[in-house]
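First comes the structure, then the notes that go with it.
The values are calculated or read from the model by the stated rules, or taken from the named source; none is laboratory data. As the structure is a computational prediction, the values presented were derived from the model and not from experiment. Virtual Cβ from ideal backbone geometry, glycine too; neighbours counted across all protein chains shown. Please note that ligands, DNA and RNA were not included when accessible areas were found on the heavy atoms of the full protein model with its side chains. Shrake-Rupley method; radii C 1.70, N 1.55, O 1.52, S 1.80 Å.
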Amino acid sequence: MQLASNIILIGGSAGSYTLIAELLEQLPSYFDTAICIVLHRNRQYDTQIEKSLSRKLKKNIVSAFDKLDICKNHVYFAPAGYHLLIEPDFTFSIDSSEHINYSRPSIDVLFETAAQIYKEKCTAFLLSGANTDGAKGLRIIEEFGGRIIIQDPEVAPIRTMPLAGKRETLNPEIWTDSKIVSYFNTLN
Amino acid sequence: MAGLKENLIIEFQDLEEIIYLLQNVSEYDLSGYSKSSLKRRVERFLQVQNMDIVDLKNTIINVKDFQHYFIQELVVNVTEMFRDPHFYVSLKKNVIPYLKTYPQIRLWSAGSSTGEEAYSTAIVLNESEILERSFIYGTDISPRALDIARKGVYPLSKIKSYTENYLQTQPTSDFSSHYTAMYDAAIINKEYRNKVLFSTHNLVTDNAFNEFQLIMCRNVMIYFDKELQRRVLNLFYDSLSLFGFLCLGSKESLYAHDIKNNFKVIDKQYNIYQKIK
Ligand SMILES: C[S@@+](CC[C@H](N)C(=O)[O-])C[C@H]1O[C@@H](n2cnc3c(N)ncnc32)[C@H](O)[C@@H]1O
């Protein structure tokens, strides 16, 4: 398995699951990047989402764990109850420090650490949600030269999170759901 | 937030210099900690103290004993009683029956933080009727956390979620029977406090100090890089009696380490291992 030199990040909370499932379904059978997802969820559900998606879609969809290499053609979910971070040697680390924006995993933590490692090779999506997690992280990705995309608040089931992302950043791209899905569909 | 620099970010190079300075003025060696995680802790420290990186370097060099304070601010002490309740269910089912065959049982909670894990374990031992012949050592790098651990006093506000955890461990008693409420705090019963000894021990630099039938080190090695994890796992290996148990956190495993060949997997999901050679 080869380390990925490009990474795509997705942060989502309430109202984002359907779109995430849809875009994963549309992924080609091989893609040259790593995809890394923070989805706020109840700790009780633990790893059921990635288990059922990987069974259904027959792709490398896993729950990230400590010191795991970040590889091409893989989809990683942040494990419930831990922050997910990216280390300079292109591995994950997890940490159980304080909640950020009432969240652990926090989207900000992943975005912020990924920004500094992958710089302009980092693309981030901020989706529907009822809180403001991820907005600061987007700004840091922007500062480090990455690409930032926000789900159009007009179509997001809950727009608090996309709106916060827009407020906090300078030049985000605002995309509709179908544009987001087709981006993942044409990844290579 | 007047005066507070928002989103302060330092360079990895600055982090290396901080690590190097600390090594020079103290026993503390942070070179094996996970870099991004540690960097965030340093950034948080600077933000809370309203310092910049130059201030910090000067303070490390010039202020006597600052390093002890600093290190305690960098480590993550977050813990709870019966964290991952199903781990304790597995402990009761898969490990305790084996421990029962020993006349004397020594346990080590490494990275015990403020003591919740050690006391949770003591309660489980009591329910299994082997507390009498057991003794738990709780160790940590942070004297401040250990002080709280020794007192065994926790805010009543946390007891609700601890009780919820406890209820998921298939308990044989009421959680409230294990502590006494006083004003806004709960003090863990003396029968448990008498069975745990808390002392400082640095997993990076200190060595084995006893032989144990069970070692738990949960949510500590996630802060270490692979190389340091290897050192610490060897330390645990040396400190375990043959057929002793090693318990890791719910997202930690021996999977990436050669030492796994000396262990048998007892519970794959909750990362419980037994030393078999
Ligand atoms: C997140 S707490 C884990 C507490 C408990 N084991 C649990 O799982 O809830 C991590 C602990 O590791 C301790 N620690 C960090 N570095 C250490 C070292 N080098 N030696 C010993 N303890 C260390 C910290 O002080 C902190 O209390």
Inset, instruction - For the stretch B:61-95, name all the residues that are open to solvent by 70 Å² or more (accessible area, probe 1.4 Å) and either touching a residue at least 40 places away in the same chain (Cβ under 8 Å) or within 25 Å of B:Lys160 (Cα to Cα) (or both). - result: B:Ile61, B:His68, B:His86
Inset, instruction - Can you confirm whether the stretch A:109-118 contains a residue that is of a type in the set (Asp, Glu), in contact with a Leu (Cβ under 9 Å, 6 or more places away or on another chain) and either buried (at least 22 other Cβ atoms within 10 Å of the Cβ) or without any contact (Cβ under 8 Å) to a residue 60 or more places away in the chain (or both)? - result: yes
Inset, instruction - Please tell me if B:Glu164 is within 14 Å of chain A (Cβ to nearest Cβ) and open to solvent by 30 Å² or more (accessible area, probe 1.4 Å). - result: yes
Inset, instruction - Scan the stretch B:252-277 for residues that are in a strand (DSSP E or B) and more than 17 Å from B:Ser239 (Cα to Cα) and jot them down. - result: B:Val265, B:Ile266, B:Asp267
Legend entry - Verdict on B:Val54 being more than 16 Å from the ligand (Cβ to nearest atom), surrounded by fewer than 19 Cβ atoms within 10 Å (Cβ to Cβ), within 14 Å of chain A (Cβ to nearest Cβ) and in a helix (DSSP H, G or I): no
Inset, instruction - Pairs only if they're at least six apart or on different chains, beta carbon under 6 angstrom, first in the stretch B:101-112 and assigned to a strand (DSSP E or B), second open to solvent by 10 Å² or more (accessible area, probe 1.4 Å) and within 16 Å of the ligand (Cβ to nearest atom); list them, first residue then second. - result: B:Trp108/B:Tyr137; B:Ser109/B:Glu117
Inset, instruction - Look at B:Tyr98 and say whether it is more than 14 Å from the ligand (Cβ to nearest atom), in a helix (DSSP H, G or I) and either without any contact (Cβ under 8 Å) to a residue 24 or more places away in the chain or of a type in the set (Ser, Thr, Tyr) (or both). - result: yes
Inset, instruction - Scan (1) away from every other protein chain (no Cβ under 14 Å); (2) open to solvent by 60 Å² or more (accessible area, probe 1.4 Å) for the single condition B:Phe263 breaks and write down its number. - result: (2)
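Here is a yes/no grid of residues against (1) touching a Lys or Arg at 6+ places or on another chain (Cβ under 7 Å); (2) within 14 Å of another protein chain (Cβ to nearest Cβ); (3) at pLDDT 95 or above:
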site: B:Glu6; (1), (2), (3): no, yes, no
site: B:Glu17; (1), (2), (3): yes, no, yes
site: B:Leu46; (1), (2), (3): no, no, yes
site: B:Phe70; (1), (2), (3): no, no, yes
